[in-house]
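Each remark here refers to the structure printed beneath this line.
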Amino acid sequence: MGIEALARPEIVAMKPYSSARKEATTQGVLLNANESPRSLLGGAGLETGLNRYPDPQPADLVSSLAGLYGVAEECILVTRGSDEGIDLLTRVFCRAGLDAILQCPPTFGMYAIAAKTQGAGIVSVPRDRETFALDEPAVLDCVPQNPSVKLLFLTSPNNPTGDVLSDDFLLRLLAATQDRAIVVLDEAYSEFCRQPSAVRLLERFEHLVVLRTLSKAWGAAGLRCGAVLAQPPIISLLGRIIAPYPLPSPVVNLARRMLRREAMEEQRQLLDEVAENKRILVRELESRSFVRRLFPGEANFVLIRVDDADGLIGFCADRGVIIRGFPADPLLQDCVRISVGSHDEISLLAGLLDEWESQT
Ligand SMILES: *Cc1c(COP(=O)(O)O)cnc(C)c1O
């Protein structure tokens with residue numbers, strides 16, 4: 001069975017919108033796209049060519065991201081962050097009122113938002129209340145038991161618990177979902193962990209999708225640049241409904257600049273810096289009387305379970321340091337997530353933790 005049998009029939013039947021930029025070259029006298037003959041920002045910098053619609057999928061950016069992630073160019077769709085990938089997948093594979101996504105809370109909130117926006121159901125397989133371990137048998141059973149589940153959102157490392165999926169589990173899940181559902185592995189924090197990316201499995205599994213982003217390990221959340229990696233049938237379906245010009249030309253120019261060969265070394269330095277600062281942050285948290293459990297995880301944040309989460313968050317906020325609580329999530333009532341900031345930021349936080357510890 002092909003992937004198209006799992007997608008919404010109206011999307012399979014649809015012809016993608018063909019923009020002027022897609023149909024014609026960008027050479028010569030361009031009178032085909034109702035653009036202005038000149039831009040009001042005439043500089044020679046990132047804003048060059050602002051009067052023209054951007055290339056929907058700029059070949060050189062696609063090629064450097066494909067090289068970075070180790071996939072063929074036809075296996076990648078560049079998106080406005082992973083958030084757009086999550087949204088496109090949900091719209092392509094879930095029929096409103098009929099189909100559902102699977103998620104394993106506590107996890108990233110956008111899967112549920114995309115599902116609700118699309119009118120899709122949400123099947124939740126919660127993690128263990130104490131350890132946040134994934135309920136692997138329940139996830140494996142879920143698809144045979146719920147034929148409405150079309151998309152499984154798994155996150156490795158997971159946000160906010162930081163744990164990674166084992167290879168063995170992922171392979172069993174791919175076997176259990178073959179011809180039934182799409183497995184989406186969100187690897188937003190992959191660069192921070194030791195586990196190799198699931199990208200190497202893409203060749204073998206037509207129903208696997210890997211999401212990557214420049215937002216976290218590339219220090220470019222403001223860029224809004226991510227990538228959906230999958231075999232061509234899925235990429236082609238997503239390409240039918242993505243906005244005609246998703247990537248603004250200044251963003252493309254900045255991403256090009258960031259991904260140039262020399263930048264690889266800078267990125268490695270950033271990863272080393274995060275790893276070192278994380279060791280310091282973990283050390284600062286380990287010894288605290290008010291920390292009941294520490295989840296160091298494998299990403300650029302740690303999660304702690306504490307005696308008085310609201311109190312601690314408010315205390316820090318009053319002194320200018322913002323850490324993350326989850327008041328709306330019943331599984332995370334007493335938890336706080338702390339991002340690995342700079343050395344100075346961690347020292348500042350450590351001072352506040354001293355104060356908080358001495359007054360509680
Ligand atoms: C931060 C985050 C994202 C969002 O990535 P963008 O590329 O910035 O949209 C996706 N997934 C998870 C699990 C995240 O924590």
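Numbers at a glance
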quantity	calculated
Any chance Val274 is open to solvent by 20 Å² or more (accessible area, probe 1.4 Å), at pLDDT 95 or above and of a type in the set (Val, Ile, Thr)	yes
Boolean, Glu298 is buried (at least 16 other Cβ atoms within 10 Å of the Cβ), over 20 Å from the mean Cα position of the chain (by Cα), more than 30 Å from Lys15 (Cβ to Cβ) and among the charged types (D, E, K, R)	no
Residues (hydroxyl-bearing (Ser, Thr, Tyr) and within 26 Å of Ile3 (Cα to Cα)) located in the range 115-159	Thr117, Ser124, Ser148, Thr155, Ser156
All positions within the range 57-74 that are within 17 Å of Asp186 (Cβ to Cβ) and more than 17 Å from the chain's Cα centre (by Cα)	Val71
Single match in Thr131, Thr177 (criterion: among the hydroxyl-bearing types (Ser, Thr, Tyr) and open to solvent by 10 Å² or more (accessible area, probe 1.4 Å))	Thr131
Residue list for the range 255-295, filter: within 22 Å of the chain's Cα centre (by Cα) and either more than 26 Å from Tyr69 (Cβ to Cβ) or among the β-branched types (Val, Ile, Thr) (or both)	Val274, Phe295
Failed item, numbered, when Ala100 is tested on (1) among the small types (Gly, Ala, Ser); (2) under 21 Å from Val336 (Cβ atoms); (3) crowded, with 16+ Cβ neighbours inside 10 Å; (4) over 15 Å from the mean Cα position of the chain (by Cα)	(2)
Condition check for Gly219: within 12 Å of the ligand (Cβ to nearest atom), at pLDDT below 95 and in a loop (DSSP other than H, G, I, E, B)	yes
Selected residue (criterion: nearest to Phe169 (Cα to Cα)) from residues of the range 186-214 that are assigned to a loop (DSSP other than H, G, I, E, B) and touching a Cys at 6+ places or on another chain (Cβ under 8 Å)	Leu202
Asn146 surrounded by fewer than 23 Cβ atoms within 10 Å (Cβ to Cβ) and within 15 Å of the chain's Cα centre (by Cα)	no
Qualifying positions in the range 223-266 - within 15 Å of Arg80 (Cβ to Cβ), within 16 Å of the ligand (Cβ to nearest atom), assigned to a loop (DSSP other than H, G, I, E, B) and not basic (Lys, Arg)	Cys225, Ile242, Ala243, Pro246, Leu247, Pro248
Residue within the range 142-161 that is in a helix (DSSP H, G or I), within 28 Å of Arg293 (Cβ to Cβ) and away from the ligand (no atom under 14 Å from the Cβ) present	yes
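The values are calculated or read from the model by the stated rules, or taken from the named source; none is laboratory data. The shown structure was predicted, so the numbers you read here are calculated from the model rather than taken from an experiment. Every residue, glycine among them, receives a Cβ derived from its backbone with ideal geometry; neighbour counts consider all protein chains shown. Ligands, DNA and RNA are stripped out before the accessible areas are found, and what is left, the full protein with its side chains, is counted by its heavy atoms. Shrake-Rupley method; radii C 1.70, N 1.55, O 1.52, S 1.80 Å.
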